[in-house]
Each structure stands twice: as structure tokens, then as C-alpha cells.
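S.K.: My questions all concern the structure below.
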Amino acid sequence: MLIIKNGFLIDPASDLQGVKDIVIDNGMITTIAERGSEHVEDLENDKRNEVIDASGLIVTAGLVDAHVHFRDPGATYKEDIYTGAEAAKKGGFTTVVMMGNTNPHMDTPDTLKYALDKGKETGINVYTCGNVTVGMEGKELTDFKKLIEAGAVLFTDDGKPITDAKLMEKACEKAARYDKVISLHEEDPAYISDNGVNAGMVAKKLGIKGSPRDAEIAMVKRDIEIAERTGAKITVQHISAAESVELIRQAKKRGVNVYAEATPHHFTLTEEAVLEHGTLAKMNPPLRLESDRLAIIEGLKDGTIETIATDHAPHSKEEKERSITAAPSGITGLETSFSLGIREIVNKGYMSLTGLLKRMTINPAKIYGLDAGEVKEGGRGDLVIFSKDEMWVFDKSVSKASNTPFLGETLPGKIYYTICAGKVVYKA
């Protein structure tokens, strides 16, 4: 058994808070008790049991990230499922969902089986998507039924938008039939000359045209209309533009089944970061203006954006050292996501810690039907133990990649333990 004593429990699902003792047996939480419970004290005194004294620390549900790229199979020089999981553990995550822009793609049961079998060896809960279209080519729908049977928890061609509106409508009809969410990369390539950098003053300084906000806005508008017609559930991934936030806000008021996710980099940085960090701040969709950053925070605050996801996107040092137009887009994020949420959203007064935790635990778990994100008797023993205010230095990544503008920063929110199924998988 594992006993966690004296920690301040925050359960994001029930809003239960207070100093509690927690007992985990055979991977499941069997007891949540007030400190001093005779039953728990008896278990503490049993030398066969492991005891963690969490005095002065916060205990909550293991974090959930429904949008990570582990590059496995096909590009394991950037990351693999094992190293990606190590980064997740260090960041407090016990549940992740892998995207499918791998090689081969997540468009067949065999590839899903490969990824899920490898995920079972990591010590955390590793799920995968199924691709919406075969080969992510946007021409032919995959066999949703077979992919669901193989373990797909959501559908996405993330990395590529679905530009064919008729095909998107058919995909939404299929997803609605199976009650699965389609998670969407909303950037219309017809608008984009140079991706990864906002079409604005910074792009002009760099001598490129960049990616305009209309590339995202147009597709968000289109797909909200399709979701409204079909009744499908869709997620707008890594939202970057204020207008997109407002489109989703109004759609929700009409009862459309549209969700949204924000990344830590989009609520932390603006296009100016590209001038400071170069390709380490190049991403799709790009960092935009301060007004967009604040609109994303407001969307998180009022519930328009339900989830925070990292879009953890590792690349090699050599790839990111190419020119601004040749380097790939994307940054890593699993190790810094929670800390950036504390620094930018909680400590600046936009949201309570519990509010942040909801967006990183129970909300994504509910949207995608995952057994995660809550602390309850009879529930999974997936927990993270941390100090909200203690500072730590992000001086080295456990990922294979370190393509992030946050390397070297001192951040709040030190993770002490990540626990999955009652086993300590990360210890500071």
C-alpha cells in the first residue's frame, strides 16, 4: 500500500479540499480520511507500506494532456513514447493522448496497437488518437469503428487541417454516430505564405509574410457550422486568435458541441518572442498579439476554453537551428505547462488554482471519456504532489528534445511526486 499523509488535497472534480490522508491499494484509492484516522495510523505503522509525508504540499489528481506528439513510430530521433512519458511524469502528468502524425500514421489498428502496447510499459496512462483521414491526406476517411475498437479515444489529423468541407461534414456525421470528438488543427493553408510566425510586424521585420489570423478564423467558423448541422463534438486545438475565442463563445451559447484548448505558450507569449528566441518560438498556429493572449486567458477564465494542452512537439537541435522559414514549427511543453499556468493565470489573479487544475485534469478527461482527473475513493491512484509557490529552475529537459523558449527559466510550482496507479513514477 501507499499512504500519503498530511497533504492538502484538492480534488478538481468534486471541489473537496482540506488536509487529508490518502491510502492507495492495488492501484486504487481505498481511503480518503481526516488526519489522525485510527485506520490510517495503523496502516502507517505497518512496515510493509510506503508512506509519503506531504506536509506543506498540495495533493491533486494526476494531470491530463489530450494533445502530445511523441513521434513514435517514425521520428524517434526527436522523441519516443518512453522519453515522452518521462517528460510527462516530470511535469505531473499521469495521462496523455498521443497525436497521429507519425510514420506510419495512426490510421490502422496495427499502428495503434504498437503505440498502446509501448505506452503500457511507461508507468503512466498513454492513449492515442485515430486519424480522421487515411495517411492524413484529407481525401478518404479512416475506418472509425475499427480504430475505436483498437483503442482510439478521439479523432484528429493534427498537424494538418481538413480542408475539404464535404469530407469534414462526413467525418462529423461518423464521429457523432460513435460519440467521439474530432480534434481540429484550424489553419487554412490557402491563406498562409510562411507558417509558424504571425503575419504582422514581426514577420515584416524578418522579411516574410507569415500566417494571418484569418487562416484560423475561417476554419473555426466553417467547422462550428458543420458541428451545428451534424450534432458532432469538435475541439478547436491550440487556439491562437481572439476572434476564434469569440466564435466559440457564441457557438456555445447556441448549444453547439464545440470545445477548445489553449496551450501554455499561447497564453504566455506573443509574436515578439520570435525576435528574442527565433525558431524556438516558431509554432503552428503562431504566437499572435497581446490582445489575443489576453483573449485566450479570458476564454479560459469564463469556460469558453475548457482545457489546457501542451501540444508537446519535440524537434532535434539541428532542425531548429535552420532558418526561420526552413525550421519546423513546434515546441516542447510537458515539463513546464503546469508551472506556466500557475505563473501566468493563477499568480496574476485570473483564476484560482482549482480552476487551473480543472482545465488540466477533469475537463479533458470528461470531454474524451478518460478514466482520470479526479481523486475519490474507488478511483484510480493517479496523483501529483507539488508546492505551488516553491521555485525551480528548468535547466535540463528529460525529453530527447529541448526546443523551448522556456529553458533556463525559474518557475513556480515544483513537482515533488507523480504517482500513477499507486506507484511513484517521478520523485524530485
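The values are calculated or read from the model by the stated rules, or taken from the named source; none is laboratory data. In this text, all values refer to a predicted model and were calculated from it rather than measured experimentally. Cβ sites come from the backbone with ideal geometry, for glycine too, and all protein chains shown count toward neighbours. Accessible surface is based on the protein model in full, side chains and every heavy atom, while ligands, DNA and RNA are left aside. Shrake-Rupley method; radii C 1.70, N 1.55, O 1.52, S 1.80 Å.
S.K.: Test of understanding: what is the full-extension gain from Y350 to L294, defined as 0.36 nm times their sequence separation minus their Cα-Cα distance?
M.R.: Details: separation 56, 0.36 × 56 = 20.16 nm, distance 1.02 nm.
Stretched out fully, the Y350 to L294 stretch lengthens by 19.1 nm.
S.K.: Charges on Cβ only, +1 for Lys and Arg, -1 for Asp and Glu, centred on the Cα centroid of the stretch 317-365; of L353, A327, F338, which one is farthest towards the dipole's positive end?
M.R.: Checked the options; the winner is L353.
S.K.: Just want to confirm a number: the relative contact order over the stretch 254-388, from Cα pairs under 8 angstrom separated by 6+ residues, in percent.
M.R.: Values: 158 pairs, mean separation 31.3, N = 135.
Once normalised by length, the contact order is 23 percent.
S.K.: Taking the Cα centre of the stretch 101-142 as the origin, how large is its charge dipole in debye, to the nearest 20, when only Lys and Arg (+1) and Asp and Glu (-1) carry charge on their Cβ atoms? All intermediate terms of the calculation are to be shown ahead of the outcome.
M.R.: Working: 4 positive and 6 negative charges, 25 e Å.
Approximately 120 debye in magnitude.
S.K.: Once Lys and Arg get +1 and Asp and Glu get -1 on their Cβ, which of A190, A150, A171 lies farthest toward the positive end of the dipole of the stretch 112-193?
M.R.: Most positive-ward Cα: A150.
S.K.: Using all alpha carbons of the stretch 1-119, what is the percent of pairwise distances in each 5 Å bin, ordered from the shortest bin to the longest?
M.R.: Pair shares across the bins are 2, 10, 16, 16, 13, 10, 10, 10, 7, 3, 1.
S.K.: Please determine, in degrees from 0 to 90 and to the nearest 10, the orientation of helix 109-119 with respect to the longest principal axis defined by the Cα atoms of the chain, where the helix direction is its Cα long axis.
M.R.: 40 degrees
S.K.: OK, next. When the C-alpha atoms of the stretch 23-78 are aligned to their principal axes, what extent does each axis show, in angstrom, from largest down?
M.R.: Principal-axis extents of the Cα atoms in the stretch 23-78, largest first: 53, 24, 19 Å.
S.K.: I've got another one for you. Tell me what the chain gives for mean residue ellipticity at 222 nm when only DSSP H runs of n ≥ 4 count, each as -39,500 (n - 2.57), the sum divided by the residue total, rounded to 500 deg cm²/dmol.
M.R.: Working: 15 runs with 132 residues, N = 428.
Calculated mean residue ellipticity at 222 nm is -8500 deg cm²/dmol.
S.K.: Using alpha carbons only, how many angstrom separate the centre of the stretch 138-166 from the centre of the stretch 247-299?
M.R.: Here the answer is 24 Å between Cα centres.
S.K.: Kindly express, to the nearest 10 degrees and within the range 0 to 90, the angle between helix 81-90's C-alpha long axis and the longest C-alpha principal axis of the chain.
M.R.: 60 degrees
S.K.: Please give me the summed charge of the neighbours of T83: other residues whose Cβ is under 12 Å from its Cβ, Lys and Arg +1, Asp and Glu -1. Before the final figure, lay out each step's value.
M.R.: Values: positive: R71, K78, K89, K90, K118, K400; negative: D72, E79, D80, E86, E335.
Neighbour charge sum, excluding T83 itself: +1.
S.K.: Output wanted: per-residue J couplings in Hz (rounded whole) for the stretch 64-74, from phi through Karplus 6.51 cos²θ - 1.76 cosθ + 1.60, θ = phi - 60°, x for Gly and Pro.
M.R.: Karplus-based 3J(HN,Hα) across the stretch 64-74 equals 10, 10, 8, 7, 10, 10, 9, 6, 10, x, x Hz.
S.K.: So, one more: Need the full-extension length gain, D389 to K209, defined as separation in residues times 0.36 nm minus the C-alpha distance. One decimal, nm. Walk me through the numbers on the way to the answer.
M.R.: Details: separation 180, 0.36 × 180 = 64.80 nm, distance 4.12 nm.
Gain on extension, D389 to K209, equals 60.7 nm.
S.K.: Can you tell me the 0 to 90 degree angle between the C-alpha axis of helix 242-253 and the longest principal axis of the chain, rounded to 10?
M.R.: 70 degrees
S.K.: Name the residue from I4, W392, A251 whose Cα lies farthest towards the positive end of the charge dipole of the chain, charges +1 on Cβ of Lys and Arg and -1 on Cβ of Asp and Glu.
M.R.: Farthest along the dipole direction, towards plus: A251.
S.K.: Expressed as a rounded percentage, what relative contact order does the stretch 158-298 have, with Cα pairs under 8 Å and six or more residues apart? Intermediate results must be reported in sequence, preceding the final value.
M.R.: On the way: 251 pairs, mean separation 36.6, N = 141.
Relative CO of the stretch 158-298 lands at 26 percent.
S.K.: Using +1 on the beta carbon of Lys and Arg, -1 on that of Asp and Glu, and nothing else charged, what's the dipole of the chain about the Cα centre, debye to 20?
M.R.: Values: 53 positive and 65 negative charges, 102 e Å.
With only Lys, Arg, Asp and Glu charged at Cβ, the dipole is about 500 debye.
S.K.: Could I ask something else about it? Normalised radius of gyration for the chain, please: alpha carbon Rg relative to 2.2 N^0.38 Å, two decimal places. Display every interim value, and only then the final one.
M.R.: Details: Rg = 21.0 Å, N = 428, 2.2 N^0.38 = 22.0 Å.
Taking N as the residue count of the chain, the ratio is 0.95.
S.K.: Give, in nm to one decimal, the length gained when the segment between T76 and R322 is fully stretched (0.36 nm per residue of separation minus the Cα-Cα distance).
M.R.: Working: separation 246, 0.36 × 246 = 88.56 nm, distance 1.96 nm.
The span from T76 to R322 would gain 86.6 nm if fully extended.
S.K.: Carbon-plus-sulfur fraction of the accessible area of the chain, 1.4 Å probe, in percent? Spell out each step's value before the answer.
M.R.: Details: 7760 of 16160 Å².
Its accessible area is 48 percent carbon and sulfur atoms.
S.K.: If you add up the charges near A215, with Lys and Arg at +1 and Asp and Glu at -1, over every other residue whose beta carbon is less than 14 angstrom from its beta carbon, what do you get? Please report the intermediate quantities before stating the final value.
M.R.: Numbers: positive: K160, K209, R213, K221, R222, R288; negative: E186, E187, D188, D194, D214, E216, D223, E243, D292.
Local charge sum for A215: -3.
S.K.: Still on this model: Given a Förster distance of 22 Å, report the FRET efficiency between D302 and S14 from their Cβ-Cβ distance, rounded to the nearest 0.05.
M.R.: Numbers: r = 22 Å, r/R0 = 0.99.
Efficiency, from the Cβ-Cβ distance: 0.50.
S.K.: Sequence gap at least 6, Cα distance under 8 Å: using those rules, report the relative contact order of the stretch 62-114 to the nearest whole percent. Please list the in-between numbers first.
M.R.: Values: 67 pairs, mean separation 23.2, N = 53.
Averaging sequence separation for qualifying contacts and normalising by length gives 44 percent for the stretch 62-114.
S.K.: Please work out the average accessible area per residue across the chain, using the 1.4 Å probe convention, and give it in Å². Intermediate values should be presented prior to the final figure.
M.R.: Working: 16160 Å² over 428 residues.
Averaged over the residues of the chain, the accessible area is 38 Å².
S.K.: If you take the beta carbon distance between V424 and E149 as r and set R0 to 41 Å, what does 1/(1 + (r/R0)^6) give as a FRET efficiency, to the nearest 0.05?
M.R.: Values: r = 34 Å, r/R0 = 0.82.
Efficiency, from the Cβ-Cβ distance: 0.75.
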